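Here's the structure we're looking at; comments come further down.
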Amino acid sequence: MMLSGWGRFPRQSCAVSDPRDIDELAQVLQAGSAIARGNGRSYGDSALNPVNTIDMRRFGRMVSFDPMTGQIVAEAGVLLADIIDTFLPRGWFPSVTPGTRFVTVGGMIASDVHGKNHHLHGAFGAFLDWIEVMAPDGRITRCSRTEKPELFHWTVGGMGLTGPIVCAAFRLRRVETGWIRQTNLPTRNLEETLAAFETHHSSTYSVAWIDCLTGGDTLGRSLISLGEHAAASDLAWDKRKQPFDTPAKRLLSMPVSAPAFVLNRHTVRAFNDIYYRRGAARPVEELSDWKSFFYPLDSILNWNRLYGRRGFIQFQCVLPPAASAAGLAALLERITHSGLGSFLAVLKRLGDAGTGISFPMPGYTLALDFPVSPGALDLLTELDRIALDHEGRFYLAKDSRMTPSTLRRSDKRAEDFRAMRQAMGLSSAFTSSQSERLLL
Amino acid sequence: MTRLPVLILGAGSDIAMATARRFAEAGYPLQLAARRTERLERDRADIELRHGVKVSLYDFDALDIASHSALLDSLPDLPGIAVSAIGLLGDQAENESDAGAAIRVMRTNYEAPACFLGEIANRFEARGSGTLVGISSVAGERGRATNYVYGSAKAGFTAYLSGLRNRLAGKGIHVLTVLPGFVDTRMTAGMDLPKRLTAQPDEVGRAIFAAVQRRRNILYVKPVWQLVMAVIRNIPEPVFKRLKL
């Protein structure tokens, strides 16, 4: 069937199977070099394999939960959304969540996803206790920081290239309510934006939407939002009795792809302008429900169709702290100059690096998306170069078009990863279109 | 309010499990009866975690008719709702050449579920309440060359449910006949099913739950099947016998 990542680019014809248990999964691996796929939320071609793509969503059961430690054991295909639905009413929330809750446990591990609290708490891998991975011969290996640590090290953030993840144990965090105390800080330029991140480093959650269509004095103007889990005492009286009840959101859906003219430099500029003004006019402090704070886009199903039939490409790099100010300014200037606006430009301070070839490292990460066009592809090649000049590296879960040499120049660990795969006999057993493209 | 449990017979099937999950979501405790219940342990844990209801597993062989009443005796509570998902598609070609195989299909699709629901019906009648759900098949509405052994057994089961409903109407006991049509399950894996006519197991589970709440008599999971079967039933036999369906 025709398959793509969330960016709907590239689209490839893939042979897909959906095994329902360990035995069937072991059998499917014999059909040829394979890649496991979760809910298809990575953007590019990391969960595509024309010969053997394995849909893991039938591994969708939660195995156990320990209310003393917050440890949940779940099969790889369980959706984060289901975990929240099950455990938030009991006072637990994911320790780390990406910007969508429609991701699987396996996908979160393979991409070592990060959230708005990365600068303090690290990525998803920091809360993982163990992972069960299937080897090419169908055997299941449990690995952790102490047991088979090398496999654990490379599986977290390893894009599924160490074998299908079948089960994992990780920790949730205690929360008193389903609400977030949100602080909104508009900034007028990049300098102010970065200063605000540093000033508010102790905020549990922080992220900025950055306007990437204004240059000059207002280059890098942003809306920063900070958040803390609200305590029961932060809620109004009427809400305290049911602290986890938040307003039900109607799920909207994009029924069809938007025609190409909907997103052009004028509409995107207008959108950015209005969005900034509205954001700047918001109250400084407000209570947000967890869905609005963490998953604003999840309320529009298939929002990826907004970008039209050709799909969109994402760019996400992280620059080290010392190079961030200059690097971000160069990136933003280049984007402003191109006139290709990005709707969803997100800037975030990251904290400590994780294991293996996991993406995050201390510094600033910028995420952008553009409708696919020859101009956008050229622009991203230039953004790659600017990021490289500033010692940046790239997020494989977003990538659909990087070259192997760009990857190697940005990340010395790529060659180690490749060597490890060869040494462990994984290179020919597990491949994705991305791993083939990037020679991993 | 503590709810009486839902008993599901043949709980290992995809339709049964989807139905079980839908009832658990609504807060019903579950009694899951199947062969080799050890393969249902993970589902049990998952359902209990997600929905906070008690799930009990019971090992049984539907073809061992004498064991039916023993199983019912062993339940701590007589269920409020009993669902039979007992069934076996079998292989038509094998059924034509091997009477043993055909008998197995006939017994699994007719004798076993009918006798089991009949036994429960008597206990429900004594109590004066209960809902019986029989998962039959549109294949039972007219015999076709490609699966008439299975179809004839389902026809028997559908007629049995109809009679049971007639007998128990006015006695506080409701009987629902479910005709799922094509469903994307382990049973149909590898078949090339038309998408518009094929339901997902979840859809069947939700439809059964809703039909039980509304006390429906006959449920076509996808309404289009009602039309399809009306046409198929009304094709004159001289024409029908020459068709390849």
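Scanning the range B:44-67 for residues that are at positive phi and either under 22 Å from the mean Cα position of the chain (by Cα) or crowded, with 19+ Cβ neighbours inside 10 Å (or both) turns up nothing. For the range A:1-20, a residue qualifies if it is within 14 Å of chain B (Cβ to nearest Cβ) and touching a residue at least 24 places away in the same chain (Cβ under 8 Å), and the qualifying residues are A:Val16, A:Ser17, A:Asp18, A:Pro19, A:Arg20.
When you scan the range B:45-56, do you find a residue that is within 15 Å of B:Pro79 (Cβ to Cβ) and without any contact (Cβ under 8 Å) to a residue 12 or more places away in the chain, even just one? No, the range B:45-56 contains no residue that is within 15 Å of B:Pro79 (Cβ to Cβ) and without any contact (Cβ under 8 Å) to a residue 12 or more places away in the chain. Looking at this structure, is B:Pro79 in contact (Cβ under 8 Å) with a residue 24 or more places away in the chain, under 30 Å from B:Thr2 (Cβ atoms), out of contact with any Lys or Arg (no Cβ under 6 Å at 6 or more places or on another chain) and in a loop (DSSP other than H, G, I, E, B)? Answer is yes for this residue. Restricting the range B:184-198 to residues that are more than 16 Å from A:Asp18 (Cα to Cα) and in contact with a helix residue (DSSP H, G or I) (Cβ under 8 Å, 6 or more places away or on another chain), the residue that is surrounded by the most Cβ atoms within 10 Å (Cβ to Cβ) is B:Leu197. Evaluation of A:Asp112 against the conditions (1) more than 20 Å from A:Lys291 (Cβ to Cβ); (2) among the acidic types (Asp, Glu); (3) within 14 Å of chain B (Cβ to nearest Cβ) shows that the sole unmet condition is (3). For the range A:1-51, enumerate the residues that are acidic (Asp, Glu) and farther than 25 Å from A:Phe370 by Cβ. Matches in the range A:1-51: A:Asp18, A:Asp21, A:Asp23, A:Glu24.
When the range A:28-73 is filtered for residues that are within 14 Å of chain B (Cβ to nearest Cβ) and of a type in the set (Asp, Glu), the ones remaining, listed by number, are A:Asp55, A:Asp66. Filtering A:Leu172, A:Leu128 for residues that are within 14 Å of chain B (Cβ to nearest Cβ), buried (at least 22 other Cβ atoms within 10 Å of the Cβ) and among the aliphatic types (A, V, I, L, M) leaves a single hit, A:Leu172. Return the residues of the range A:230-252 that are surrounded by 12 or more Cβ atoms within 10 Å (Cβ to Cβ) and either in contact with a helix residue (DSSP H, G or I) (Cβ under 8 Å, 6 or more places away or on another chain) or under 18 Å from A:Arg8 (Cβ atoms) (or both); say none if nothing qualifies. Across the range A:230-252, the qualifying residues are A:Ala232, A:Arg240, A:Pro243, A:Phe244, A:Asp245, A:Thr246, A:Lys249. Here B:Leu193 meets the list (1) part of a helix (DSSP H, G or I); (2) out of contact with any Lys or Arg (no Cβ under 7 Å at 6 or more places or on another chain); (3) more than 15 Å from B:Leu132 (Cβ to Cβ); (4) away from chain A (no Cβ under 14 Å) almost entirely, failing just condition (1).
Only one entry of A:Asp369, A:Asp378, A:Asp298 meets the criterion of being without any contact (Cβ under 8 Å) to a residue 60 or more places away in the chain and in the same structural domain as A:Thr246 (by TED's automatic domain parsing), and that entry is A:Asp378.
The set of residues from the range A:235-289 being without any contact (Cβ under 8 Å) to a residue 60 or more places away in the chain, assigned to a loop (DSSP other than H, G, I, E, B) and of a type outside the set (Gly, Ala, Ser) comprises A:Leu235, A:Lys241, A:Gln242, A:Pro247, A:Lys249, A:Arg250, A:Leu251, A:Met254, A:Pro255, A:Val256, A:Pro259, A:Asn264. Scanning the range A:139-162 for residues that are among the aliphatic types (A, V, I, L, M) and either without any contact (Cβ under 8 Å) to a residue 40 or more places away in the chain or not in a loop (DSSP other than H, G, I, E, B) (or both) yields A:Ile140, A:Leu151.
Residues in the range B:198-214: is at least one modelled with pLDDT of 95 or more and of a type in the set (Lys, Arg)? Looking through the range B:198-214, at least one residue is modelled with pLDDT of 95 or more and of a type in the set (Lys, Arg).
Meeting the requirement of 2 or more residues that are closer than 27 Å to A:Thr177 by Cα, in the same structural domain as A:Met108 (by TED's automatic domain parsing) and within 22 Å of the chain's Cα centre (by Cα), the strands (runs of 3 or more DSSP E) wholly within the range A:1-88 are A:71-75. Among the residues of the range B:212-234, those identified as surrounded by 12 or more Cβ atoms within 10 Å (Cβ to Cβ) and in contact (Cβ under 8 Å) with a residue 60 or more places away in the chain are B:Val212, B:Tyr220, B:Trp225, B:Val228, B:Met229, B:Ile232. Residue count for the range A:235-267 under the criterion of being touching a strand residue (DSSP E or B) at 6+ places or on another chain (Cβ under 6 Å) and within 11 Å of A:Thr177 (Cβ to Cβ): the result is 1.
The values are calculated or read from the model by the stated rules, or taken from the named source; none is laboratory data. All figures in this text were calculated on a predicted structure; none of them were measured in a lab. As a convention, Cβ positions derive from the backbone with ideal geometry for all residues, glycine included, and neighbour counts pool all protein chains shown.
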